[in-house]
Amino acid sequence: MATRRKTRPELSDDEKPERKRQKPVDAIARATTTAVLCVVDAAARRDVGARAPDAKLAESVGLAGAIQLDVVWADAVVLRRTTPATLIGKGTVETLKSVVEDNEIGLVIVDARLTPVQQRNLEKEWSTKVIDRTGLILEIFGARARTHEGRLQVELAALEYQRGRLVRSWTHLERQRGGFGFMGGPGESQIEIDRRLIGERIVRIRTDLQSVRRTRAINRGGRRKARLPTVALVGYTNAGKSTLFNRLSGAGVLAKDLLFATLDPTMRSVRLPNGKECVFSDTVGFISELPTQLVAAFRATLEEVTEADLVLHVRDVAHPDSERQARDVEAVLAELGGEGPPMLEVLNKVDLLAPDARAVLEAQAAIGAERDRRFTVSAVTGEGIDGLLSAIAQTLNEAARPREVAVPAGDGATIAWLYRHGEVRQRRDEGETAILTVALDEAASAQLDRRLAR
């Protein structure tokens with residue numbers, strides 16, 4: 001399998017991580033000729049619903065393409081036994097050595113988790129730069145982060161990953177090429193990194209991120225006071241979250257057929273069909289074997305999911321591994337802890353399905369216990385969006401408890417407040433008193449009690 005891609009354009013100073021401004025990067029660093037080796041665990045292959053080697057390889061190549069690496073060779077190998085020194089067997093090492101030499105490859109991506117010793121040994125065998133899955137994902141995140149918060153979170157994850165590799169594998173770390181330097185080409189200037197300095201930097205970043213968490217908590221509190229519920233979009237990377245976010249909110253966030261097109265979260269206020277407003281939050285996509293460093297570093301951002309009033313799990317139902325991807329997302333959500341908010345499952349990209357497959361999927365979504373929690377949509381064409389918005393409004397109202405409120409008929413301000421902050425289900429007038437049955441959430445109900453007491 002061979003794939004040709006455009007060379008990666010040099011990033012501007014504003015686009016580079018703010019922790020260090022770089023000198024101009026040479027042509028080798030800008031256009032690294034890359035080989036991708038996808039390592040599939042034979043034991044994992046026996047699991048029900050395990051991802052096929054070809055599907056894993058396609059995802060590996062997609063990750064490399066996410067930062068426009070020039071992939072000239074790619075293959076998958078099923079690993080039946082682990083080799084401590086190199087992870088893969090001697091035969092595969094020799095095969096890759098020939099590929100590297102014949103194609104003058106400057107970078108080999110091993111889509112697996114390599115120990116520092118394994119990474120060092122493979123670099124010696126192949127005489128080229130080697131990175132594993134964690135390093136590649138961190139490189140993508142480092143190149144994509146745009147906000148100050150995003151850069152802090154990615155840098156923290158990169159430093160945590162890097163700290164364990166200083167002594168044995170990172171003494172020759174070359175100049176960075178846009179992300180966090182995991183793919184610097186040979187011959188570039190050497191960077192001496194001291195473990196103590198990295199530790200001090202980690203402490204400073206964690207302190208800054210604590211401030212970010214406090215700021216986000218204050219913002220969430222402000223939304224609660226304003227009675228604006230939050231709806232968070234989550235899902236596997238490239239499931240169509242940003243396209244759906246744009247369709248629902250009218251925003252213009254980046255939406256491409258690209259892994260990890262969205263990194264920094266975006267929020268927009270939307271008016272629902274029942275007239276109430278809510279805030280939609282577009283979040284970073286998840287992926288299988290997401291590095292633990294990223295989960296920890298992005299906890300401040302992912303709290304927007306755990307603290308949301310409703311979660312939309314967006315799935316790419318046209319993808320052959322849709323079920324497996326859904327389980328990977330659920331695993332990350334479970335890692336965040338807690339029972340979490342209620343969730344609606346959004347089966348996206350139905351426009352890409354064959355008519356028969358689409359009819360079966362829509363029939364399955366319309367029956368069973370989950371029929372009110374699963375919705376088939378196309379974020380591109382707009383099919384099913386109206387039904388999804390109505391379901392969002394209904395689900396947000398389910399948390400509200402109905403109560404009967406007696407208000408003087410002349411108190412138009414309080415009556416208007418009830419219509420604005422709750423769902424008035426019935427009204428009857430008895431003389432000079434209006435009696436309303438209204439559904440209010442806990443915060444609005446407490447606010448009403450204070451209002452009536454005055």
Members of region 324-348 found to be over 18 Å from L389 (Cβ atoms) and of a type in the set (D, E, K, R), listed by number: R324, R327, D328, E330, E335, E339
Residue ID - nearest to C278 (Cα to Cα), chosen from residues in region 226-250 that are among the aliphatic types (A, V, I, L, M) and in a helix (DSSP H, G or I): L248
Inside region 71-89, the number of residues satisfying the requirement of being within 15 Å of R120 (Cα to Cα) and not in a strand (DSSP E or B) is 4
Test of understanding: among I88, I105, I131, I109, which residue is surrounded by 14 or more Cβ atoms within 10 Å (Cβ to Cβ), within 22 Å of G65 (Cα to Cα) and free of Cβ contacts under 8 Å to residues at least 60 places away in the same chain? I131
Out of L310, L352, L336, sole residue that is under 30 Å from P291 (Cβ atoms), surrounded by 13 or more Cβ atoms within 10 Å (Cβ to Cβ), assigned by TED's automatic domain parsing to the domain that holds K241 and out of contact with any Leu (no Cβ under 8 Å at 6 or more places or on another chain): L352
Spot the failing condition for L122; the list is (1) within 21 Å of Q325 (Cα to Cα); (2) assigned to a helix (DSSP H, G or I), and only one is missed. (1)
Only unsatisfied item for Y419, checking (1) touching a residue at least 24 places away in the same chain (Cβ under 8 Å); (2) under 37 Å from the mean Cα position of the chain (by Cα); (3) assigned to a helix (DSSP H, G or I); (4) farther than 30 Å from N246 by Cβ, is (1)
Which of the residues belonging to region 313-333 are assigned to a helix (DSSP H, G or I) and surrounded by fewer than 16 Cβ atoms within 10 Å (Cβ to Cβ)? E323, R327, E330, A331
Of the residues in region 405-424, those that are over 15 Å from A444 (Cα atoms), in contact with a strand residue (DSSP E or B) (Cβ under 7 Å, 6 or more places away or on another chain) and surrounded by 13 or more Cβ atoms within 10 Å (Cβ to Cβ) number 2
Within region 364-383, the residues that are at pLDDT 90 or above and closer than 22 Å to D321 by Cβ are R374, F375, T376, V377, S378, A379, V380
Hey, among V295, V253, V279, V284, which residue is at pLDDT 80 or above and of a type outside the set (S, T, Y)? V279
Out of curiosity, is I392 of a type outside the set (D, E, K, R), part of a helix (DSSP H, G or I) and over 19 Å from H313 (Cα atoms)? no
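The values are calculated or read from the model by the stated rules, or taken from the named source; none is laboratory data. On a predicted model such as this, the values are computed, not experimentally measured, just so you know. Neighbour counts are summed over all protein chains in view; Cβ atoms, including those assigned to glycine, are modelled from backbone coordinates with ideal geometry.
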